[in-house]
1. How much length would be gained if the chain were fully extended between D60 and R208, taking 0.36 nm per residue of separation minus their Cα-Cα distance, in nm to one decimal?
2. Counting Lys and Arg as +1 and Asp and Glu as -1, what is the net charge of the other residues whose Cβ lies under 10 Å from the Cβ of E145?
3. Between L49 and E216, 0.36 nm times their residue separation minus their Cα-Cα distance comes to what?
4. Under a Cβ-Cβ cut-off of 14 Å, what is the net charge of the residues other than S110 that fall near it, where Lys and Arg count +1 and Asp and Glu count -1?
5. Given points 7 Å out from each Cα along the Cα-Cβ axis, report the D111 to M76 separation in nanometres with one decimal.
6. If r is the Cβ-Cβ distance from V87 to S133 and R0 is 45 Å, what FRET efficiency results, to the nearest 0.05?
7. Pick from M28, M107, M76 the residue whose mean-square fluctuation is largest in a GNM of the chain, springs joining Cα atoms under 10 Å.
8. Under the 0.36 nm per residue contour assumption, what length would be gained going from the current alpha-carbon distance of K161 and K23 to full extension?
Amino acid sequence: MIFHGTNIFLLVKYPMTLPKNKKHPLEMTVQVRRTDCLITDATFNIPDLKGLTRLKIEVDETLHSLEVKKVDDKTMTALRKVSRKIVQAGPTRLWVYGKSCSACKFMALSDAVVLGTKSIDRTTVRFRLLVSSTGNARKLVHDLEESGLEPVVIDGPEEIKTEITDRENQVLRLCLDLGYFDNEREASLKDISKLLGISVSSLSETLRRALRKITEDYVNRNPT
């Protein structure tokens, strides 16, 4: 990788060389995006929301744990519209049973053990997982990507965090081929996003993650 002014030229061979598969359980945190969780969507309309997690994830139904400042009629009415059952588990805590979204359904069908979850916003959720090996961790990320869940490894083995996903590889190669990195830029992010059928913000985020991984890999291989 060569830096010159504000331009970045990539001289990287794909795929990056990775360590041998470690055949022992490991923890990782993966962030995904989806838009089909009705309970999450309704929950983020509740004022003074304190937290939303998932206690039990199954293919068809997920038990959500919701903490609010106050349980009132308005909150209950909103949640009843999108849930099968609601249990008040404390003065400010509700257990809400509802249809599993695409992310929860994926996790229920996977071999990973879900240790915890955290909702970041309406569309973004993080899963803390236990997987049996780095090979299965790679497969999990690949399958999430194939399912359109836009996975990002937040925490876990460095060889997984810095590995370029198929989608990131596609974006990098297209940006290179179309001259996005040239001094006289031949294509803009808007042009490339139209070709990929995604938003400019989504493309920009994918490109940023890929460049960060490449930079970290280069720095780790060439310590000063």
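A short reminder: the numbers here are calculations on the coordinates, not readings from a lab. On a predicted model such as this, the values are computed, not experimentally measured, just so you know. Counting neighbours? That spans all protein chains shown, and the Cβs are built from the backbone with ideal geometry, glycine included.
1. Result for the pair: 49.8 nm of gain on full extension.
2. Neighbour charge sum, excluding E145 itself: -4.
3. 56.5 nm
4. -1
5. 4.6 nm
6. Working from the Cβ atoms, E equals 0.75.
7. Its mean-square fluctuation being the largest, the pick is M76.
8. Net length gain for the segment: 48.0 nm.
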